[in-house]
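The values are calculated or read from the model by the stated rules, or taken from the named source; none is laboratory data. From a predicted model like this one, the values you see are computed outputs, not experimental measurements. Glycine also receives a Cβ, built like all others from the backbone with ideal geometry; neighbour counts cover every protein chain displayed. Side chains included, ligands, DNA and RNA excluded: accessible areas come from the protein's heavy atoms. Shrake-Rupley method; radii C 1.70, N 1.55, O 1.52, S 1.80 Å.
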Amino acid sequence: MIFKSILTLFCTFCAKIYKSTSARCYGDIIGTIATLGSHSALNILRGAKDEGFSTVLVAPRGRTFYERFGVADTIRYVDDMPSFLQAASAHLPGDSVVIPHGSFISYLSLSYIEESFSVPVFGNKYLFKWESDREMEHRWLSGAGIPVPRSFEGPSDIDRPVIIKLFGAKGGMGYFLATDEADFRKKSAGVTGSYQIQEYVIGVPMYFHFFQSPLSGELELLSIDRRYESNVDALGRITGADQSQLSITPSYTVVGNFPVVIRESMLETVFDIGERVVRESKALERGGLMGPFCLETICTPDLEIVTFEISARIVAGTNPFMPSSPYTYAKHGKDISCGRRIAMEIKEALATDRLAEVTT
Ligand code: AMP
């Protein structure tokens, strides 16, 4: 009888301990994931909720459509985003992790994010400057030993079709093509500011979304997209004769994304490129790439994959892959989006007391 009572007491005690630890790690709410209302916020917040996090969205006042989706537990509408973010630790719950995306980076200076932003950021914020500066980005990609388009010092060096990219151009706006120096001079008449002259690679664009897990050290391929760019993706609907009559200048403004899968035998090369870029990133900043990143490439008819840009964070091209992608499903055997993969990594880091290894 006494033994039975002691056993019951012991069991109740164990159950209580188990409940309190599991509530902290895997209960209804395990922490807060916060992001800004733009870019890939639906993807990030849906994934966070699927993994049991509380979610906070910081949105520009007037952008109310997020309320319709119900993925944010709290929405903070702000008039002045940079000021709000500069006091983020006072405004956000104490257990918040911020998921950075393209819009986050554009609201604050990179030096502010590195030195003064006080809430933990998922991934390696010290790599943002390497993706934002075209020369540093070129050093990173060429240092990785992967195929990259040739860069030209000046117009007099142009010896093949080139694309001219204006520094700071948003979404490829204002880019133009040239075939030689004379063509460049004609088309660049109104151009002010700095630009990059890059070999125009003939092939199809493919954007590879990777996830480098800081916890397991493994590189995963999450998904692949191609962009829907206006007006260049409409040119095929207009005959060549009409195009020259209408004197259309191609532009590359991103307005959407399509999902893609790659010919399966090319996946070996895809992983090789991803691994090389990760290895090089470790030589650039401590910890290297952590979490999602994207390689923007052109695949040529010879099946060469030429990388022309990198994003060291989640990209909007992962948005078509809610709730899943062919590659995450193949790997995990269940539906995993990029937002959910991020939340899984944070959840695992919290449960094993390794948050510092997945945030900067
Ligand atoms: P970006 O702003 O660098 O992402 O480029 C915008 C778009 O321009 C891309 O989605 C491609 O369609 C095209 N593009 C950029 N760089 C190249 C290149 N080196 N060769 C061919 N197309 C390119």
Compare the Cα positions of Val255, Leu350, His138 along the charge dipole of the chain (+1 at Cβ of Lys, Arg; -1 at Cβ of Asp, Glu; about the Cα centre) and return the one farthest towards the positive end.
-> Leu350
Under a 1.4 angstrom probe, counting protein chains only, how are Tyr66, Tyr126 ranked by accessible area, largest first?
-> Tyr126, Tyr66
What are the residues whose amide H is under 5 Å from the amide H of Leu222, where those residues sit 5 or more places off or on another chain and H is modelled from the backbone?
-> His209, Phe210, Phe211
Under the Kirkwood approximation for Rh and a Cα-based Rg, what ratio Rg/Rh is obtained for segment 151-199?
-> 0.92
Could you give the size of the charge dipole of segment 151-199 about its Cα centre, using +1 on the Cβ of each K and R and -1 on the Cβ of each D and E, expressed in debye and rounded to the nearest 20?
-> 320
For Val71, other-chain or 5+-apart residues with amide H closer than 5 Å (H placed, Pro excluded) are none
Charges only on Cβ, +1 for Lys and Arg, -1 for Asp and Glu: so what's the dipole of the chain about the Cα centre, in debye to the nearest 20?
-> 1220
Using the beta-carbon distance between Ala87 and Ser247 and R0 = 41 Å, what value does 1/(1 + (r/R0)^6) give for FRET efficiency, to the nearest 0.05?
-> 0.25
Per residue, in Å², the accessible surface of segment 243-326 once ligands and nucleic acids are set aside, probe 1.4 Å = 48
Run the 1.4 Å probe and let me know the accessible area of Val98, rounded to the nearest 10 Å².
-> 10
Counting DSSP beta bridges in the chain, what percent are antiparallel, to the nearest 5?
-> 75
Helical mean residue ellipticity (222 nm; -39500 (n - 2.57) per DSSP H run of 4+; nearest 500) of the chain = -10000 deg cm²/dmol
What accessible area per residue, rounded to a whole number of Å², is obtained for segment 151-199 using a probe radius of 1.4 Å?
-> 55
Restricting to lysine pairs 8 or more places apart or on different chains, what number in the chain have Cα atoms under 21 Å apart?
-> 16
Residue-by-residue Karplus 3J(HN,Hα) for segment 42-48, coefficients 6.51, -1.76, 1.60, Hz, glycine and proline x = 5, 4, 5, 6, 4, x, 5
Taking the square root of 5λ for each eigenvalue of the C-alpha gyration tensor of segment 217-360, the equivalent ellipsoid has semi-axes, largest first and in whole angstrom, of 34, 17, 16
Sorted list, accessible surface of protein heavy atoms, 1.4 Å probe, largest first, for Leu350, Leu284 is Leu350, Leu284
Carbon and sulfur: what percent of segment 151-199's accessible surface (1.4 Å probe)?
-> 52
Evaluate the Debye formula for the chain with equal point scatterers sitting on the alpha carbons, no solvent, and hand back log10 of I(q)/I(0) at q = 0.07, 0.09, 0.12 Å⁻¹, in q order, two decimals.
-> -0.35, -0.56, -0.94
